[in-house]
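Q: Submitted below is the structure of interest, expressed as structure tokens.
The values are calculated or read from the model by the stated rules, or taken from the named source; none is laboratory data. Quantities reported herein were computed from a predicted structural model and do not represent experimental measurements. All Cβ positions, glycine included, derive from the backbone under ideal geometry; neighbour counts span all protein chains shown. Accessible surface areas use protein heavy atoms only, side chains included; no ligands, DNA or RNA. Shrake-Rupley method; radii C 1.70, N 1.55, O 1.52, S 1.80 Å.
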Amino acid sequence: MGVISNGTTLLDAGALDSGVPTGKLTLIKTLTASSSSTLSFIDGAASVVLDDTYGVYIIKFINVHPQTNDTQFGMQFNAAGAADFNETITNTIFKSRQEEDASPAELALDVGGVLSQGTGLCKISHPVGNLANEALSGHVTLYNPSSTTFLKNFISVVNHSYPSATADVDANGQTMNIFTNGYINTASAIDEVKFQFVSGNIESGTIQLFGLGASA
Amino acid sequence: MAIISNAVTIADAGAFSASLGSLVHIKTITSNGSQTTMNLVHGSGGIVFDGTYSVYRFDWVDCHPSATDPSFEFQVGPASNTSYNQAIVSTFFQTQKMEDGTGAQDGLGYLASYDQVGTGYQKLNGNIKNDNDGATTGSLFIFNPNSTTYVKHFMAQAISMENANPRVVTNPWIGGYVNVTAALRTISFRFSSGELDAATIKMYGIKSS
């Protein structure tokens, strides 16, 4: 049954008509960590869509909390048919940080943790603290992962608590605003992404996959 | 009454079953031209600012100051506090380009005078020139303000015309956290001096499910 109002079809054949505005940001999947070693979005598994359905994907991190103190958060990808999460990545990282006692505060390029045609974990944070109120939040935007022509650009912005009261870092907590931008240097379609800490599990937190706009 | 099309339930029990998108517009507020603050308070005027959404987005659009070159800024409060004085730890950097192309004020740099370890309003954009065509525009994300466990992370970026001669385009980037574990329920925007001659602030929730 269709519903037609004033000559305009609002719905038919089991779906809203494409002319009905529904917003262009679509929640695809929510993952919740529970002492998880990794969290992954795999196209075609568990209702995950990571293909040419959307031209842009946004992945949001909400209070991702590490089991281990002082460890970095990162991501890797698989091209269609691959399974080892070791795609070639080149990226930049810079940080803007501020300590809770107001010193130091700085903006700086981070050359130590980047990948230059590397296949390891692409780190998108500095070490994250695991005190009870410390966590990481932010988002990564992945552009046109289904392209079989172009490399895959990504932009990540996160904010997190830097470890406090540990022997190897400052006694005070810090806010870390980390910008990680780069590309997955493959012309193959990307259809899987995983997230993890360098050491220890993701004790808690939520990671959500959204699709933006129309297909590429 | 349910609306069922081709055996698919589109709407039932007063709600749509079909996806209407995950970015939900909650509220738009507009300055009356003489306001010194613009506040969004949970439970007031249809505003939802609680655990309904895990991420909230605020877009400020063409906020024009009455004063010559104030900063645009925000603060937050829990339900029992509308004094807007929560502890904030933040970073602030910006890129700039002068209109005459000389490079005299071009650059990328950290602004220690605009970051914060304190309880004041957090600057989102500074030295906004109040020429007739001058205004600030930008976006602010606040993550999980309803948490009673974690600090509340936020990230923002803005764009405006700075008070310089020649004028300067300024693009600030702000990140930080509200260093409290109490749930947040209110947010306030203002210029550091003067009134909001003209301003529109849009509040959105990003669906969790």
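Q: What residue, among those in segment A:95-144 that are open to solvent by 50 Å² or more (accessible area, probe 1.4 Å), of a type in the set (A, V, I, L, M, F, W, C) and within 14 Å of another protein chain (Cβ to nearest Cβ), is nearest to A:S199 (Cα to Cα)?
A: A:L131
Q: Take the residues in segment B:175-209 that are within 11 Å of the chain's Cα centre (by Cα) and aliphatic (A, V, I, L, M); name whichever of them is nearest to the other protein chains (Cβ to nearest Cβ).
A: B:M203
Q: Let me ask something else. Considering only residues that are open to solvent by less than 50 Å² (accessible area, probe 1.4 Å) and either closer than 30 Å to B:T9 by Cβ or in contact with a Gly (Cβ under 6 Å, 6 or more places away or on another chain) (or both), which ones fall in segment B:20-37?
A: B:G21, B:S22, B:V24, B:I26
Q: Which one is least open to solvent (accessible area, probe 1.4 Å) among residues in segment A:23-48 that are away from every other protein chain (no Cβ under 12 Å), more than 26 Å from A:S199 (Cβ to Cβ) and touching a residue at least 24 places away in the same chain (Cβ under 8 Å)?
A: A:V48
Q: Out of all the residues in segment B:1-33, which are more than 13 Å from chain A (Cβ to nearest Cβ) and either in contact with a helix residue (DSSP H, G or I) (Cβ under 9 Å, 6 or more places away or on another chain) or not in a strand (DSSP E or B) (or both)?
A: Selection gives B:A13, B:G14, B:S31, B:N32, B:G33.
Q: I need every pair where a residue in segment A:191-216 that is closer than 23 Å to B:S209 by Cβ and in a loop (DSSP other than H, G, I, E, B) has its Cβ under 7 Å from the Cβ of a residue that is hydroxyl-bearing (S, T, Y) and at pLDDT below 95, sequence separation at least 6 or different chains.
A: A:G213/A:Y54
Q: Exactly one condition in (1) open to solvent by 20 Å² or more (accessible area, probe 1.4 Å); (2) at pLDDT 95 or above; (3) within 28 Å of A:P104 (Cβ to Cβ) is false for B:T137; which is it?
A: Going through (1) open to solvent by 20 Å² or more (accessible area, probe 1.4 Å); (2) at pLDDT 95 or above; (3) within 28 Å of A:P104 (Cβ to Cβ) one by one, B:T137 breaks only (3).
Q: Considering only residues that are open to solvent by 40 Å² or more (accessible area, probe 1.4 Å) and within 14 Å of chain A (Cβ to nearest Cβ), look in segment B:88-119 and name the one that is farthest from B:S188 (Cα to Cα).
A: Just the residues of segment B:88-119 that are open to solvent by 40 Å² or more (accessible area, probe 1.4 Å), to begin with: B:95, B:97, B:99-102, B:104-106, B:108, B:110, B:112-113, B:117, B:119.
Narrowing the set further to residues that are within 14 Å of chain A (Cβ to nearest Cβ) leaves B:95, B:108, B:110, B:112-113, B:117, B:119.
Values: B:T95: 26, B:L108: 28, B:Y110: 25, B:A112: 23, B:S113: 21, B:V117: 18, B:T119: 13 Å.
Across segment B:88-119, the extreme among qualifying residues is B:L108.
Q: Next question, about the same structure. Of all residues in segment B:38-82, which are buried (at least 16 other Cβ atoms within 10 Å of the Cβ), closer than 14 Å to B:A158 by Cα and at pLDDT 95 or above?
A: B:R57, B:F58, B:W60, B:C63, B:H64, B:S71, B:F72, B:E73, B:F74
Q: What is the one condition in (1) in a loop (DSSP other than H, G, I, E, B); (2) exposed (fewer than 15 other Cβ atoms within 10 Å of the Cβ); (3) touching an Asp or Glu at 6+ places or on another chain (Cβ under 9 Å) that A:T148 does not satisfy?
A: (3)
Residue by residue, here is whether (1) over 30 Å from B:Y114 (Cβ atoms); (2) touching a residue at least 12 places away in the same chain (Cβ under 8 Å) holds:
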| residue | (1), (2) |
| --- | --- |
| A:D84 | yes, no |
| A:E87 | yes, yes |
| A:T90 | yes, yes |
| A:L109 | no, yes |
| A:L121 | yes, yes |
| A:N133 | no, yes |
| A:T149 | yes, yes |
| A:N153 | no, yes |
